[in-house]
Each structure stands twice: as structure tokens, then as C-alpha cells.
Amino acid sequence: TADEPFSASFFPLMKKGASQTVVGLIFGCYALCNLIGSLIMGRYIVQIGAKFMLVTGLFVSSCCTILFGLLDRVPGGPAFITLCFLVRSLDAVGFAAAMTSSFAIVAKTFPNNVATVLGSLEIFTGLGLIMGPPVGAWFYQSFGYEVPFMLLGCLLLIMIPVNICILPTIVADPSKDSFFRLLTNVKVVLICYTIFTLSAGLGFLDATLSLFAIETFDVLPSSVGLIMVGLSLPYCLSSPLIGYITDKYPVTRKWFLVTGALTTAVGFCLLGPVPFLHIRSQLWLLVFMLGVIGFSLSMTAIPTFPEIITCAYDQGYEEGLSTLGMVSGLFGAVWSSGMFYGPTVGGLITQHLNFEWAAAVQGGLACLAVSNCSSARRSMLEKEVTNSEKNNVRFHFL
């Protein structure tokens with residue numbers, strides 16, 4: 001996770017004939033290839049092997065990270081742009097393989113504590129988001145463009161033998177189930193929309209927040225990373241606790257989804273704030289709302305993965321690696337689509353209107369997720385009542 005923040009920050013400094021539109025497409029193709037790769041890896045995780053997929057994904061991603069740091073040696077023009085697209089696309093596929101397999105392995109190894117383990121792992125995601133920009137900036141200023149990518153790529157390579165020694169080899173039979181059958185479940189579709197709004201919001205902030213803070217509050221570019229700590233720190237600190245609660249009391253997942261989506265909507269609307277509220281933009285309010293959004297994201301994101309697994313099992317899917325791989329692939333694909341939508345549409349709205357209205361649109365998407373989660377919860381309650389009535393009728397008949 002540390003790779004994305006500083007690669008997106010430093011890459012425009014060495015455009016070499018690539019327009020801003022081309023730079024945006026280079027980073028946009030990452031989300032698109034990640035989406036496709038997640039679906040393919042999730043579908044064939046049993047045939048490929050979860051451990052082999054993870055190790056291979058780490059190797060491809062580490063090599064692409066190192067190659068991305070060497071691109072400044074390529075002469076500007078079509079060759080440079082083509083290599084950029086190629087490296088980013090391969091990196092996305094490698095990342096999709098590593099993430100899809102890692103989520104599936106976690107769910108297979110800790111079937112009763114999926115949210116707790118994922119929440120604990122999100123601590124390191126938050127640390128990567130916090131440390132990526134400042135540490136990458138220091139290496140960039142001290143040693144140049146290549147060194148940060150070389151260092152991160154080598155760290156990933158070191159993790160390969162560690163994973164080979166530690167991770168278990170999981171043997172499983174392939175399933176005949178598919179993504180399409182899983183998406184016939186209305187509740188799964190609504191949860192996927194919630195995941196989409198989360199990643200879209202993060203992608204939007206990654207693309208627009210730094211420029212808004214610099215122009216509105218005269219913040220130094222080197223200090224923008226400190227503002228983003230307001231988002232990352234509450235997220236990584238609260239994720240383990242929310243994971244533990246939702247594992248111990250699964251009924252709370254629905255409440256966390258609804259409350260988290262509502263809090264996210266409020267946070268985005270006050271981030272600017274939205275113009276019709278007539279509240280003046282202030283730096284402390286911006287940082288505070290980022291903290292609110294970070295906490296609400298953990299409330300919403302952590303329960304989604306185990307909840308989709310529960311829906312799949314309730315729908316008749318086999319309890320095994322094949323199902324977990326499909327759920328992991330679906331999660332990664334939806335997340336990638338949001339990461340593509342957020343910067344693209346959010347950037348267009350910011351360009352034609354302003355940051356305040358663009359943030360309000362993201363809040364509207366989250367608000368719609370609130371109604372979707374509420375509808376899903378009502379349908380589940382109705383289903384439980386119906387099943388209870390059927391059981392009572394069967395009991396009286398007997």
C-alpha cells in the first residue's frame with residue numbers, strides 16, 4: 001500500500017512528453033487491470049493454488065515496482081508511454097493475485113475470526129498509507145526518483161521466501177459455482193455497492209484533497225501527507241476492534257454497515273463543507289472530518305467481506321477455498337471499480353464545479369448506501385420472520 005501514494009505523487013514530475021490526460025490513463029489502467037485480474041484469480045484460485053498465486057503475485061508486483069523506478073531512464077515519447085502502461089498493467093495483475101489469494105487464505109485459516117484478522121491486518125494498510133508519502137518523499141529528495149521504488153521492490157522480494165516457508169499449502173476441489181449466481185443475491189449486490197462507495201471516496205480524496213488543501217489553506221506540499229494521517233490513523237486503530245466485535249456478535253454487522261455509511265455521508269458533506277450549508281472552510285474542520293471518515297470507513301469496510309461469505313454459504317455455495325476465492329475476487333473487483341470511478345468522476349466534478357460539490361456527491365453516494373443497507377436489513381428480518389412462521393406451522397402440523 002505504500003507504493004501507490006508516492007508513485008502517484010512523483011510520477012507527474014517526469015512526464016517526458018506524456019500529457020496530464022495520459023498520466024491519468026496510466027494510473028487508471030491499474031484499476032481496470034486489477035478489476036479483471038481479481039475476477040480471473042478469484043475464479044481459478046483452486047486450479048492455480050492459493051499459495052502459488054500469492055507468491056507469484058508478490059514476485060510480479062515487486063519486479064514491476066522496481067521497473068517503474070527505472071522508467072526515468074527511458075527516452076520520452078511513445079516508447080516511454082507504452083512501457084508505463086505495460087508495467088502498471090502487470091503490476092495491477094500481480095497485486096490482484098496477491099490480494100485475492102491472501103484474503104482467501106485468511107478466511108480459510110481463520111473461518112471464525114475473519115473480520116478480526118482482517119481488521120488487524122488493516123493496521124499495516126494504515127501504516128503504509130501514513131508512511132508512504134513522507135518516507136517516499138524523503139528518499140525521493142535525498143536519493144532521487146529511482147531509490148524509493150528500488151527499496152520497496154526489494155522489500156517485497158524479501159517477503160517471498162518468508163511466505164513460502166510460513167504459508168500452508170491448501171488443497172481443495174474446484175467448484176462449479178460462479179460470480180453471476182452470487183450476484184443474483186440482492187444483499188450481495190447491495191454490499192458490493194457499499195464497497196464501491198468506500199473505494200470511490202478514497203480514490204476521490206487521493207486525487208483531489210492535496211490540491212484543495214494547498215489552494216485553500218496555503219498548506220505546503222510536504223505537509224499534505226500529515227493531513228492524510230487524519231484519515232489513515234483512525235482507520236487503522238479502529239479496524240481491529242470493529243473486526244473483533246463483528247466476529248463475536250455477527251448481528252452487529254448490519255448496524256455497523258448502516259451507521260458507518262451514514263457517518264461517511266455526513267463526513268463528506270462537511271469536508272468542504274457543501275456550499276448550501278454556508279459554513280466557511282477551515283483546516284481544523286477538514287482534518288476532523290477526515291478522522292470521522294476514517295473511523296466510519298472501518299465501520300463499513302470490515303464487516304463487508306465476512307458478510308458476503310455468509311451470504312454465499314446461505315445461498316448454497318460449498319464451504320471451501322473455491323467459494324472464498326470467488327468472494328475475494330468479487331471484493332477486489334468492486335473495490336477496483338470504485339478506485340477508478342472516484343478519481344475520474346470526482347476530478348471532473350472538481351474541475352467543472354469545485355471540491356466542495358464533488359465531496360458532497362461522494363456523500364450522496366454514501367447516503368444512498370445507507371438506504372440500501374437498511375433495505376437489506378429489512379429483507380433479512382422479513383426472511384427470518386417468514387422462516388420462523390414456516391417452522392411454527394411445521395411444528396403444529398407434527
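Some notes on this structure:
- Hz values of 3J(HN,Hα) by residue in the range 240-255 - Karplus curve (6.51, -1.76, 1.60), Gly and Pro given as x: x, 5, 5, x, 5, 5, 6, 6, 6, 10, x, 5, 6, 4, 4, 5
- I214 contributes an accessible area of around 50 Å² to the protein surface, as traced by a 1.4 Å probe with all chains present.
- Mean separation of Cα contacts under 8 Å, 6 or more apart, over the residue count of the range 157-309: relative contact order %: 30 percent
- Separation of the F276 and L368 label points, Cα + 7 Å toward Cβ, nm: 1.7 nm
- Dipole moment magnitude, nearest 20 debye, the range 9-396 about Cα centre, only Lys, Arg, Asp, Glu C-beta charged: 420 debye
- On the beta carbon distance between Y44 and L121, with R0 = 22 Å, the FRET formula returns roughly 0.40.
- Potential lengthening between F288 and F85 on full extension [0.36 nm per residue; Cα-Cα distance subtracted]: 69.4 nm
- Most mobile of L167, L182, L297 in a GNM of the chain (Cα contacts under 10 Å): L167
- In the chain, Cα pairs under 8 Å separated by at least six residues give a relative contact order of 27 percent.
- With one equal scatterer per alpha carbon and no solvent term, the Debye-computed log10 I(q)/I(0) for the range 9-396 at 0.09, 0.13 1/Å reads -0.55, -1.15.
- Hull volume in cubic angstrom per residue (convex hull over the Cα atoms of the range 243-300): 58 Å³
- Between F179 and L167, the modelled labels are 2.1 nm apart [label points 7 Å from Cα along Cα→Cβ].
- Gaussian network model of the chain, Cα within-10 Å springs - most flexible of R73, R43, R88: R73
- The range 189-310: mean projected area of Cα convex hull, nm²: 7.8 nm²
- For the pair the range 293-358 / the range 152-230, the C-alpha centres are spaced 9 Å from each other.
- Gain upon complete extension [Q315, T109; 0.36 nm per residue less C-alpha separation]: 72.0 nm
- In the chain, the portion of solvent-accessible area held by carbon and sulfur atoms comes to 71 percent [1.4 Å probe, whole percent, DNA, RNA and ligands not counted].
- Percent of Cα-Cα distances greater than 16 Å, calculated over the range 209-252: 54 percent
The values are calculated or read from the model by the stated rules, or taken from the named source; none is laboratory data. Bear in mind the structure is a predicted one, so any value in this text is a computation, not a measurement. Reconstructed Cβ throughout: ideal geometry from the backbone, glycine too, with neighbour counts over all protein chains shown. Each accessible area value is taken on the protein alone, full model and side chains, heavy atoms only, with ligands, DNA and RNA left out. Shrake-Rupley method; radii C 1.70, N 1.55, O 1.52, S 1.80 Å.
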